[in-house]
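Worksheet: the structure to be examined is printed underneath.
Read-outs throughout are calculated quantities, based only on the coordinates presented, and are distinct from any laboratory measurement. Computed from a predicted structure; not experimentally measured. Ideal geometry is used to build each Cβ from the backbone, glycine not excepted, and the neighbour counts take in all protein chains shown.
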Amino acid sequence: MGDGVLHAVNAGVDLDECDDAAFTSDWRREAHLEASPGSHPPGAAARYPSPMPTLIEKPTVIEAAGNRPKRIEELVGRVNTGTAGISIARMTSPPGWEEPGQTPEFDEYTVVLAGRLRVESRGSVLDVEAGQAVVAKAGEWVRYSTPGGAEYVAVCLPAFSPATVHRDD
């Protein structure tokens, strides 16, 4: 039995009595199929394979907008993995870097690893320090800069795209 089955059995769940609607994730569905052989058509378990981790060996370096060179290393996204639903990139930004304002069609979650990221919106200016995070919602005008330089990770939902960032002219 797989780990999911053992957890369900240890919790007192009778897997043979559960219907598919009770299982919302693949591991639960697979555990149900493993635990009740003969109750599903042959090959049903193959429709719900166990997820396999995928190693992303290296990022793709992407050219950045702004007044000074900034390094963008996309690990997950449209360019490096062909993923449209999310992008994850590590940024290394020099002191004095700033980019044009933008009104993106995606939410952007940013975690500052080192230095300070300045985030300007129509109503405020936030200085986000190492160990802090900031969220900019889709449709909100923002402008990013790094007065003293910074290293940070940006997560965009859906994935960043030049077509959906809508930078100021």
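Tabulated data for the structure shown
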| quantity | calculated |
| --- | --- |
| Under Karplus coefficients 6.51, -1.76 and 1.60, residue-wise ³J(HN,Hα) of the stretch 153-159 in Hz, glycine/proline x | 10, 10, 10, 10, 10, x, 4 |
| Net charge over other residues, Cβ less than 15 angstrom from the Cβ of Pro158 (K, R count +1; D, E count -1) | -2 |
| Derived scalar couplings ³J(HN,Hα) [the stretch 93-106; Karplus, 6.51 cos²θ - 1.76 cosθ + 1.60; whole Hz; x for Gly, Pro] | 10, x, x, x, 6, 8, 10, x, x, 8, 10, x, 8, 10 |
